[in-house]
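First the structure, in the form of structure tokens, and then the observations on it.
Computed from the coordinates by the stated procedures, all read-outs in this text should not be read as laboratory data. Computed from a prediction, not measured in an experiment: that's the story for all the values here. Glycine also receives a Cβ, built like all others from the backbone with ideal geometry; neighbour counts cover every protein chain displayed.
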Ligand code: FES
């Protein structure tokens, strides 16, 4: 029985390897920075048309993203895209973080199947909402203490 389960698992993984890059599979299997921080400098939450939600929280120090975390109730692709975003923006300036778009995520993944592109779009949009929130809070510091 174990042989059949092992064989099946290998076949599934081989199918995944044909469709996704090693970078993507690594994030899919071991998502980074999962969990929303309290007192974030920037926070965004979006539910896509598919019903999946991504939340992204940022800590910014001297204009550089010091820490970025996420949460999601979405599928493996959504979680992997959000995880990739957190890795891509950490250490970047705010301007650099704004360059993390859907296409930048797809490039970082070494491409994605067409049916998964909306997951990268949702991750990018959520990041940009968190960056907008950061900019907003910077203008009116008191807001930080009355939001997530
Ligand atoms: Fe919903 Fe990917 S399936 S964002």
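Quick check: Cα centre of the range 91-110 to Cα centre of the range 48-71, how many Å?
Taking the Cα centre of the range 48-71 as reference, the centre of the range 91-110 is 13 Å away.
Binning every alpha carbon pair distance of the range 54-119 at 5 Å from zero, what are the percents per bin?
So the P(r) values, bin by bin, are 4, 18, 28, 24, 16, 8, 2, 0.
Using the per-residue mean of other Cβ atoms lying within 10 Å as a proxy for protection, in what order, highest first, do the peptides 34-44, 79-89, 116-126 fall?
Details: 34-44: 16.6, 79-89: 25.5, 116-126: 22.6.
Those peptides, ordered most packed to least, come out 79-89, 116-126, 34-44.
Does anyone have the angle between helix 2-19 and the longest principal axis of the chain? Alpha-carbon axes, 0 to 90°, nearest 10?
On a 0 to 90 degree scale, this one is about 60.
Helix 117-139 against the longest principal axis of the chain: what's the angle in degrees, Cα atoms only, rounded to the nearest 10?
In the chain, helix 117-139 runs at an angle near 20 degrees to the longest axis.
Over the alpha-carbon set of the chain, work out the extent along each principal axis and list the three values in angstrom, largest first.
The Cα atoms of the chain stretch 60, 28, 28 Å along the principal axes, largest first.
Angle between the Cα long axis of helix 76-89 and the longest principal axis of the chain, 0 to 90 degrees, nearest 10?
Once rounded, one gets 50 degrees.
Under a crude label model (7 Å from the Cα following the beta-carbon direction), how far is residue 17 from residue 115 in nanometres?
2.2
Using every pair of alpha-carbon atoms in the range 34-82, split the distances into 10 Å bins beginning at 0 and state the percent of pairs per bin, rounded to integers.
Histogramming the range 34-82 at 10 Å steps yields 28, 49, 21, 3 percent.
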